[in-house]
Amino acid sequence: MTDAPVDGEERPEGGEPRPATVQSLTHQLGALGVEAGATLIVHTSLSALGWVVGGVQDVVAALHAAVGPAGTVVMPVQSWQLCDPALLQQTDAQWWPLVREHLPVYDPASTPSKTMGTVAEHFRTLPGTLRSAHPHRSFAAAGRLAAQVVAQHDLSEPMGEGSPLAVLYDVGARVLLLGVSAAKCTALHLAEHRCEYPGKHRISNGAPVLVDGQRRWRSWQELAVSAEDFEQVAEDFAAATGLRRSAPVGQGVGQLLPVRELVDHAAGWFPTHRRA
């Protein structure tokens, strides 16, 4: 059966836009530049795509169809609710010891993501999806390179060299933004680790972890990261390189950017443009 039109823009006279389907989304992702065999780190807002017939299921199915069996799909599925309460400042300091004592140990299979969106939360639960080991900043991956992407995730390097982001850089992944801006571009945190800029500093964090089957509290120092200027650096990257592609996806806009070139550009941009 032919599934047309596929541009997501058509609507009957005076009617609502045509709902998106797996077929129409897959076609639009291809038109955007997503190729078979690609490795994608995806950030998406389901509501920004308009009416998708199968909701989150169709979005994930379209992503897999677009990259094919040789491709890999990756999404951040962070569970920052498990951060040290002193970092989150989520309650009175007198209760921090109690919170530390009772926070659940991170479980890749069952710990929910928080504020990552419904697509990412659905994606992490699917059979065959793997998840990295960091209790706060994990990534989920499915496809040919999934095991390689999630194999290492150091406690003190949630977004740095010991994280899946460094692997995505090395394998030539692309950032796919679906209905969201570059403010959501997690890959740019890797650039923060790779350069110096005013105000760069580390902060204390911690989480309960299992050590020889016993629950233990672990503390560490990690880079304090910020996404406040990510849209600016992405715009500068697009203007300087022409390597950002944009096209309609559903009723939203998709953007496709190469991780390696974007991170390299940002690592040169932050030292001269970022303020303390």
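The values are calculated or read from the model by the stated rules, or taken from the named source; none is laboratory data. What you see is a predicted model; the values in this text were computed from it and never measured. In this analysis, Cβ positions are derived from the backbone assuming ideal geometry, glycine residues included, and neighbour counts consider all displayed protein chains.
Are any residues in the range 239-276 crowded, with 17+ Cβ neighbours inside 10 Å, in contact with an Asp or Glu (Cβ under 7 Å, 6 or more places away or on another chain) and hydrophobic (A, V, I, L, M, F, W, C), and if so, which ones?
Across the range 239-276, the qualifying residues are Trp269, Phe270.
Only residues in the range 86-104 that are within 15 Å of Arg215 (Cα to Cα) count as the first member; pair them with residues that are surrounded by 11 or more Cβ atoms within 10 Å (Cβ to Cβ), Cβ under 6 angstrom, at least 6 apart or cross-chain, and list the lot.
These pairs meet every condition: Val99/Pro85; Arg100/Trp217; Leu103/Leu82; Leu103/Pro208.
Looking only at residues in the range 64-103 that are exposed (fewer than 14 other Cβ atoms within 10 Å of the Cβ), assigned to a loop (DSSP other than H, G, I, E, B) and not small (Gly, Ala, Ser), which one is modelled with the highest pLDDT?
Filtering the range 64-103 for residues that are exposed (fewer than 14 other Cβ atoms within 10 Å of the Cβ), assigned to a loop (DSSP other than H, G, I, E, B) and not small (Gly, Ala, Ser), the one modelled with the highest pLDDT comes out as Pro69.
For Pro208, which of the numbered conditions (1) in a helix (DSSP H, G or I); (2) touching a residue at least 24 places away in the same chain (Cβ under 8 Å) fails to hold?
Single failed check for Pro208: (1).
Of the conditions (1) within 17 Å of the chain's Cα centre (by Cα); (2) of a type in the set (S, T, N, Q); (3) surrounded by fewer than 21 Cβ atoms within 10 Å (Cβ to Cβ), Thr44 satisfies every one except a single condition; which number is it?
The failed condition is (3).
Could you check the range 126-158 and list, in sequence order, the residues that are under 14 Å from Tyr106 (Cα atoms), free of Cβ contacts under 8 Å to residues at least 40 places away in the same chain and of a type in the set (S, T, N, Q)?
Ser132, the sole residue that qualifies.
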